[in-house]
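See below for the structure under consideration.
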Amino acid sequence: MSAIIIVRAQPSDAALLKQIAVAAKRYWGYPDHLISQWAASPIITPAAIDHDLVFAAHQQGQPIGWYRLIVDSSPAILEDLWVIPSWIGQGVGRMLFTHAVAQCRAQRIAQIELDADPHAVGFYRNMGCTVIGETISEWNRPVPRLRYTLAAVD
């Protein structure tokens, strides 16, 4: 197996990254009508890729996961982190999250916040996040709000 590398996404990657997000959301068994409704939204756009920090994990030249980090203020917002279902549980999410933390460290941002799908809370807790509250999702349901605090940012 060849190495997994993380590279900056390009605006032309938007459609493929969206496909990964939809496949990952579908993996959790949500009803098709909710997935279809969500898939009709932009999810990730070329403009967002151009403006935010969007990185993709690639294996043999193909994206297998990605994240979007908004660093316009502190805390940074981890808006997206998606992994192709066949790669879930193989460390790709951990690699992407660790990469996002490094991006924050480089910009001297001390905290990351995110709204987690309930199925992903265990992953984020394992990464060191704590639940700080909840927000209402695009499906009008409460979802956990989590925070990750970086070790001292010099």
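What to note about this one:
- Residue ID - nearest to Val121 (Cα to Cα), chosen from residues in region 26-54 that are in contact with a helix residue (DSSP H, G or I) (Cβ under 6 Å, 6 or more places away or on another chain) and touching a residue at least 60 places away in the same chain (Cβ under 8 Å): Trp28
- Filtering Leu81, Leu114 for residues that are touching a strand residue (DSSP E or B) at 6+ places or on another chain (Cβ under 9 Å), in a strand (DSSP E or B) and more than 19 Å from Asp13 (Cβ to Cβ) leaves a single hit, Leu114.
- For region 117-154, a residue qualifies if it is modelled with pLDDT of 95 or more, in a loop (DSSP other than H, G, I, E, B) and more than 20 Å from Ala24 (Cα to Cα), and the qualifying residues are Gly128, Cys129.
- Residue in region 31-38 that is over 13 Å from the mean Cα position of the chain (by Cα), on the phi < 0 side of the Ramachandran plot, outside any helix (DSSP H, G or I) and of a type in the set (Ser, Thr, Tyr) present: no
- Unmet criterion (only one of (1) touching a Lys or Arg at 6+ places or on another chain (Cβ under 9 Å); (2) in a loop (DSSP other than H, G, I, E, B); (3) hydrophobic (A, V, I, L, M, F, W, C)) for Ile109: (1)
The values are calculated or read from the model by the stated rules, or taken from the named source; none is laboratory data. For clarity, every value in this text was computed on a predicted model and none was experimentally measured. Cβ coordinates were reconstructed from backbone atoms using ideal geometry, including for glycine residues, and neighbour counts include every protein chain displayed.
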